[in-house]
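Notes follow once the structure below has been shown.
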Amino acid sequence: MKNYFLFLLALLAWSCQEKEPIQPNILFLFADDQRADALGIAGNTILRTPTIDQLANEGVRFTNAYVMGGHHGAICMASRAMLFSGRQLFNVYDRLQGLETMTMDFAKAGYTTFGTGKWHNEKEAFEASFQQGKTVYLGGMADHYAIAVQDYDSLGRLGEPEIKGYSTEIFTQSAIDFIKSQEGATNPFFCYVAFTVPHDPYSPKPEFIGKYPDGSIPLPPNYLPLHPFQFDQLTVRDENLTGWPRKPEVIQMLLSDYYGMISHLDSQISKIITALKETGRFENTIIVYAADNGLAAGSHGLLGKQSLYEHSIKVPLIIQGPGIPKDKSFDAFAYIHDIYPTLAELAGLPKREDLDGKSLVPVIRGDQKQIREVMFNAYRHTVRSVRKENWKLIRYPERDFTQLFDLSNDPHEIKNLAEDMTYSNKKKELIDLLGKSQLSFGDTVSYTAKNLKPLAYNPDTLVRKPDQWQPEYVLKRYFDLIK
């Protein structure tokens, strides 16, 4: 009997010992060119995204998350470099090779790291950042039906490109295969799934074509047939999909295809979530849903992301999982490069002092309302913007032109208040903030360029042509090249 009581005491003492916390898995879902308002949970009453909406209902959503900008038209290169390095735009440009990345940190902490989908940075940086990789796409744009992807070989290097199927589905299947391979594993995983949709070409799978019939989607509130002035190259990348002026019916066609690809994406994400649940890993997995940048899609007479309007720089950001509150939304400013330190803190990784990003955990846990007061954004040498609270100033140095918007009353940036003397003090305040922000981030672009260019332009001189990635569906629908 004495030995029995000694055994019970030992068992009680063991059970009272502080147990090592179980590190959460990470599932990072990254969309390409998805506007922040292109989600049902964001108030879009047309687009149906039940899976992503449910993630937000079971977690937190940041309503003021931004990509900082880019140094050239391929914003996604800079965006992904910022995401994985945790560094701001002027400290990383669009290169990752030689830098210690987010998944390298997680690997050091004992995580199994896996990547699939779009990388759009250096091949060597991917191989250094992930222990496992499958159906990896190293480029930018691609035909979703014929995307050339690469798998790791036996040496842990990306092999020869091959075409396997529709991009969204092959990336989804690779993620599911990896998650299933981790069933029973004792160490946590970091699974990065970078989709190539809803980036153009706007070519949904056949079953999603017409899901949102042409003409059924209202035009954006800030739709314009033409951008009112020239501020950069108006024929860059995405802008070539339709002619000038932008016809309302064509913008509605584009949105039908854009929404169709997002709904298809949502249905595929549901399959990944199901795999997590079937393998018993869902409850201990932090799921992040975000995008690399927004998209104009007809707003302000633009189609792409090469501007600093809200529709092009604001992105969705949802975080769900163990230790995350449910059904919360925050209006705190966040950058894409804040995600790295946020996940690191949530997973208990050592804090890195050399990161520019700031952890959002104090906001998530309710300890702070915000981690920064000012949002600064930049595109090439041609546009700069600064936002404080709901006031935003956009500056075009080469045109000596300024826009001032009151986002609380004008969220679609329609009414420029820059020349209204009623707001002269607010304008001066934001001009000062812009200068301080540029100095803080190491941006040397002058407030006004030495050689000024005209605001006016002739849309009849703009010439467009399809790029090499456009499939027959797009050539016929948007370029009328195939009868």
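Residue 199 passes every criterion in (1) at pLDDT 95 or above; (2) under 30 Å from residue 98 (Cβ atoms); (3) crowded, with 17+ Cβ neighbours inside 10 Å; (4) touching a Ser or Thr at 6+ places or on another chain (Cβ under 9 Å) apart from (4).
Listed by first and then second residue, the pairs with beta-carbon distance under 6 Å, at least 6 apart or on different chains, first residue in the stretch 237-249 and assigned to a helix (DSSP H, G or I), second among the hydroxyl-bearing types (Ser, Thr, Tyr), are 241/478. Only residues that are in a helix (DSSP H, G or I) and either of a type in the set (Gly, Ala, Ser) or surrounded by 15 or more Cβ atoms within 10 Å (Cβ to Cβ) (or both) were counted across the stretch 434-474, and they come to 9.
I need the full set of residues from the stretch 252-286 which are part of a helix (DSSP H, G or I), more than 26 Å from residue 33 (Cβ to Cβ) and touching a strand residue (DSSP E or B) at 6+ places or on another chain (Cβ under 8 Å), in order please. Once the filter is applied, which keeps residues that are part of a helix (DSSP H, G or I), more than 26 Å from residue 33 (Cβ to Cβ) and touching a strand residue (DSSP E or B) at 6+ places or on another chain (Cβ under 8 Å), the stretch 252-286 yields only 284.
Pairs are defined by a Cβ separation below 7 Å, a sequence spacing of at least 6 or placement on different chains, a first member in the stretch 318-340 that is assigned by TED's automatic domain parsing to the domain that holds residue 276 and surrounded by fewer than 16 Cβ atoms within 10 Å (Cβ to Cβ), and a second member that is part of a helix (DSSP H, G or I) and polar (S, T, N, Q); the pairs so defined are 322/284; 327/57.
Scanning the stretch 107-132 for residues that are touching a Leu at 6+ places or on another chain (Cβ under 7 Å) and polar (S, T, N, Q) yields one hit, 121. Cβ-Cβ distances below 6 Å connect the following pairs, each with a first residue in the stretch 408-423 that is closer than 14 Å to residue 299 by Cα and outside the structural domain of residue 300 (by TED's automatic domain parsing), a second residue that is among the hydrophobic types (A, V, I, L, M, F, W, C) and buried (at least 16 other Cβ atoms within 10 Å of the Cβ), and a separation of six or more residues or different chains: 413/405.
When 383, 315, 374, 361 are checked against the criterion of being of a type in the set (A, V, I, L, M, F, W, C), surrounded by fewer than 21 Cβ atoms within 10 Å (Cβ to Cβ) and within 29 Å of residue 236 (Cβ to Cβ), 374 stands alone in meeting it. One residue stands out among those in the stretch 131-166 that are touching a residue at least 60 places away in the same chain (Cβ under 8 Å) and small (Gly, Ala, Ser): the one that is farthest from residue 192 (Cα to Cα), which is 146. When the helices (runs of 4 or more DSSP H) confined to the stretch 39-156 are screened for residues that are among the basic types (Lys, Arg), those reaching at least 1 such residues are found at 75-85, 102-108, 123-129.
For the stretch 287-309, a residue qualifies if it is closer than 23 Å to residue 266 by Cβ, of a type outside the set (Gly, Ala, Ser) and either part of a strand (DSSP E or B) or out of contact with any helix residue (DSSP H, G or I) (no Cβ under 7 Å at 6 or more places or on another chain) (or both), and the qualifying residues are 287, 288, 289.
Being hydrophobic (A, V, I, L, M, F, W, C) and over 18 Å from residue 30 (Cα atoms) is the filter; apply it to the stretch 126-165 and report the residue that is farthest from the chain's Cα centre (by Cα).
The extreme case among them is 155.
Of 358, 326, all but one fail to be closer than 25 Å to residue 33 by Cα and part of a loop (DSSP other than H, G, I, E, B); the exception is 358. The set of residues from the stretch 181-217 being among the hydroxyl-bearing types (Ser, Thr, Tyr) and assigned to a strand (DSSP E or B) comprises 192, 196.
The values are calculated or read from the model by the stated rules, or taken from the named source; none is laboratory data. Bear in mind that the values here come from a model prediction, so they are computed numbers and not experimental data. Using ideal geometry, Cβ is built from the backbone for each residue, glycine included, and neighbour counts are taken over all protein chains shown.
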